[in-house]
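The values are calculated or read from the model by the stated rules, or taken from the named source; none is laboratory data. As the structure is a prediction and not an experimental result, all values here were calculated from the model. With ideal geometry, Cβ positions are generated from the backbone for all residues, glycine too; neighbour counts draw on all protein chains shown.
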Amino acid sequence: GTQIWASSFYKEDLEDNEFAEFEDFEDEERDYQQVQAQNGRKTEKVQEVNEEQDGEEDDAIVEDDESEFDHFQDEEEFEGFDGERVGSSVRMDERGAPEITITKVPLHFRTDWDSFYLEILMVAGLVVYALNFFAGKSKNRKVANAWFTSHRSLLEENFSLIGDDGTKDNENPGLSKDSESVYTLWCSGRTCCEGMLVELKLLKRQDLVSVMAQFIRPSSDQVHIKVDMNKEDMDSFVFCLATKRSALRLSKDMADLSIYCPERRSVEKYGLPSNFSLLCEIVEVAASLLDSRIVTIINKYADIIEYIHFSDQFSGPKQSEDFNVTKLPDTKKVLIFAFNIPVKGKAIHEAVIQMRPLLQFVFYCMDKVKRFKLSKEAKNKAEKNRLRVEEAFLKTTHFVRAEAAAARREEKKRQEKERILLEDDPDKQKKWEDREMKRQMKKKAPKMKQLKVKAL
Amino acid sequence: MHGTGTGSSDPRRPDKEHRYKSSPNTQGAPDDLIPDYMNILGMIFSMCGLMMRLKWCAWVSLYCSFISFANSRANDDTKQILSSFMLSISAVVMSYLQNPQPMSPPWSPVFV
């Protein structure tokens, strides 16, 4: 038995190629057969021993402690067991050994784990994403709450309603979470304004993809404060002071800015930092609005202030050029402030405290705009601008509106015809058809001037 | 510099309160479309993961539904996110049940 074992071991060394895995499989099979063969011989020996023992000690039955199930091996044990019939079903190949057909079973899952390295990588990526999600989510919540707690006292002095979750009796006022990175707060109940919407647009810290995009294109957390002014508390002007980068974006995106103040002006003469640029419909407005206090605040917080946008014709971003626009979008009088939260390199609490004066700046601007009145000629100029825009809009959409009106008329006529056809009594139908005929005739008849000749 | 302006001591007007009606987004920045794009992408990847039994497609669709969940807004309906999760998880499970071969990276030409 040892040579067979040695030779198979020797062969294994020779064929050390990528089928080594299958090689083992065949070796195991061959060893298994050898073991079977040895077992077979052993059991026969045991059977002979049993027979001799039975013969000698008929009276004392000695339990064969080697393996109580040996009697199963003995064919006579079972009545009606036909050894030949069972054997014949196994097909014999040419060498007489039973031909073994191995059914094709795919390698089972648990063969070897290390070939699943890509899957492990994927699962690890998912785990990292989930961890970052929870970490980013809690960081965003902390920043939002810090901003709210630090500004709460100031808000309570100026507004009677703070935080509105839209339900009827407003159970939980306070910050409402729009998404993992956007929190909104509605405050209302103050002079000169209908309400103030504070939107905390934080970085998407909860999304790993955005965190990585942040390294490529750095941006910062932002606070957008939009004050809806009362109709009577704001004069008609459009004014925007923004950093150069956002001025470019705003003048393209915003409908009112692109119409009323397309060109960007420099701000040096107002004593403002040079990284700002001005979009203003009437220059006189800028001069009178940017008083000393506002200029000092802007200079002091130049890196935090992103843009300031006062407009009485505000209607949001430019609508996409869909042609079925038949009427001007409704405009509102708003003051919009966008501030960056300087969280980088600072504790959240400290960064947010630093922004408190800016909220007072917002209230100061509200009162200033309320007191601000345009001069006469500025007022006329503004009104003229608005009328011109109105007419331009009407002209461009005239064609569309005419079409819409024609379509409406068509629709009315068709419905009327349908209603008449449904009528059951024929004479009403006849009368309607006569009237229709007459109308067609009149339309087709050549246009003739009817001359009234006075009877002399 | 108390923001009370001249004269009026207390600027609050409890009687002139306006309830917040979430006006359509006139803030300026168009609402970000990432969750919607990721949702659609996830659906497409899980479909092709299921049809063509590409394992890496199934995994990518799982990532897409995770990303769309992270960026989802409060007023998004959760059914859509749940369905995209179910689809991508079923794509992954199905592609492994059919043949538990380890995954081949997308750049290998063998169609496993």
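Observations on the model:
- Here A:K344 meets the list (1) crowded, with 18+ Cβ neighbours inside 10 Å; (2) in a loop (DSSP other than H, G, I, E, B) almost entirely, failing just condition (1).
- Yes/no for A:V343 being at pLDDT 90 or above and either closer than 30 Å to A:T191 by Cβ or touching a helix residue (DSSP H, G or I) at 6+ places or on another chain (Cβ under 7 Å) (or both): no
- Unique residue being in contact with a Pro (Cβ under 7 Å, 6 or more places away or on another chain) and buried (at least 18 other Cβ atoms within 10 Å of the Cβ) when the list is A:A378, A:A338, A:A351: A:A351
- Subset of the stretch A:243-265 (residues that are closer than 20 Å to A:A382 by Cβ and surrounded by fewer than 20 Cβ atoms within 10 Å (Cβ to Cβ)): A:S251, A:A255, A:S258, A:I259, A:P262, A:E263, A:R264, A:R265
- Restricting the stretch A:146-193 to residues that are touching a residue at least 60 places away in the same chain (Cβ under 8 Å), more than 7 Å from every other protein chain (Cβ to nearest Cβ) and outside any helix (DSSP H, G or I) leaves a set whose member that is nearest to B:A74 (Cα to Cα) is A:C193.
- In the stretch B:42-65, the residues that are basic (K, R) form Cβ pairs under 6 Å with partners that are crowded, with 22+ Cβ neighbours inside 10 Å and assigned to a helix (DSSP H, G or I), at six or more places apart or across chains, as follows: B:R53/B:S95; B:K55/B:S95.
- Of all residues in the stretch A:115-147, those satisfying the criterion of being aromatic (F, W, Y) and farther than 20 Å from B:Y96 by Cα are A:Y129, A:F133, A:F134, A:W147.
- If the condition is being modelled with pLDDT under 90 and among the hydroxyl-bearing types (S, T, Y), then the stretch A:189-218 contributes only A:T191.
- Residue within the stretch A:84-102 that is modelled with pLDDT under 85, within 11 Å of chain B (Cβ to nearest Cβ) and farther than 30 Å from A:F339 by Cα present: no
- One residue stands out in the stretch B:16-33 among those that are at pLDDT 60 or above and facing chain A (nearest Cβ under 8 Å): the one that is surrounded by the most Cβ atoms within 10 Å (Cβ to Cβ), namely B:Y20.
- Residue that is surrounded by the most Cβ atoms within 10 Å (Cβ to Cβ) [pool: residues in the stretch B:59-91 that are charged (D, E, K, R) and more than 8 Å from chain A (Cβ to nearest Cβ)]: B:D76
- Breaking point among (1) touching a residue at least 40 places away in the same chain (Cβ under 8 Å); (2) under 30 Å from A:A146 (Cβ atoms); (3) assigned to a helix (DSSP H, G or I), for A:I259: (2)
Here's the yes/no breakdown for (1) in contact with a Pro (Cβ under 6 Å, 6 or more places away or on another chain); (2) closer than 27 Å to A:H349 by Cβ; (3) buried (at least 19 other Cβ atoms within 10 Å of the Cβ); (4) among the basic types (K, R):
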| site | (1), (2), (3), (4) |
| --- | --- |
| A:A135 | no, yes, no, no |
| A:E156 | no, yes, no, no |
| A:L161 | no, yes, yes, no |
| A:D165 | no, yes, no, no |
| A:V182 | no, yes, yes, no |
| A:C193 | no, no, yes, no |
| A:K201 | no, yes, yes, yes |
| A:F215 | no, yes, no, no |
